[in-house]
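The structure appears below as structure tokens.
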Amino acid sequence: MRRSFVSRWNLALATLALIAAAGMVVSACNGGDDDDDDDNAGDDDADDDDSGGNPWVWTDPDAECADLAEQDSFEPCRNCVIQCNLAGESLIDLSEGPCVAEQIVTGWACDIVHSPPDPVDDIADNQCAQYPELVPNIINVTPECRFVQAL
């Protein structure tokens, strides 16, 4: 009888851990949870009390790429905006216009550029090295992960 209880208990704990992990994934995909100390549910502004929080504001990939919905560049655009957001959340400096991904999906690179263009965008170290020779297409987004163009 004890063995059956222990097995059920372990199963219950594993189930709870799986639910918690799924919640964290959903939260990350939705731009994080409301971890500030104000009373506005869903308002993840910087008016929280804990210092050192990441001030990154998640850019909605579907909204940014909506104009491309019927084109082949829609999915690469979404993935580029997502990768840009993840880089920003990780406190990677995007202000210099780095290449976010040499191949975001097959045949597509993801590069940060300024709009309007900035001279820093022309520096070779800030460009995707495989574009256009090895990767024929590129998505350009701003350092704030706003869609600029698909080439």
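The values are calculated or read from the model by the stated rules, or taken from the named source; none is laboratory data. Since the model is a prediction, treat every value here as computed from it, not as a measurement. Heavy atoms of the whole protein, side chains included, go into the accessibility calculation; ligands, DNA and RNA do not. Shrake-Rupley method; radii C 1.70, N 1.55, O 1.52, S 1.80 Å.
One table, with the values for the structure above:
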read-out: Estimated vicinal HN-Hα couplings, Hz - segment 82-95 in sequence order (Karplus 6.51, -1.76, 1.60; Gly, Pro = x); value: 4, 5, 4, 4, 4, 5, x, 5, 7, 6, 6, 6, 9, 5
read-out: Protein accessible area in segment 101-144, 1.4 Å probe - carbon and sulfur %; value: 53 percent
read-out: Alpha carbon convex hull of segment 89-150, volume per residue in cubic angstrom; value: 79 Å³
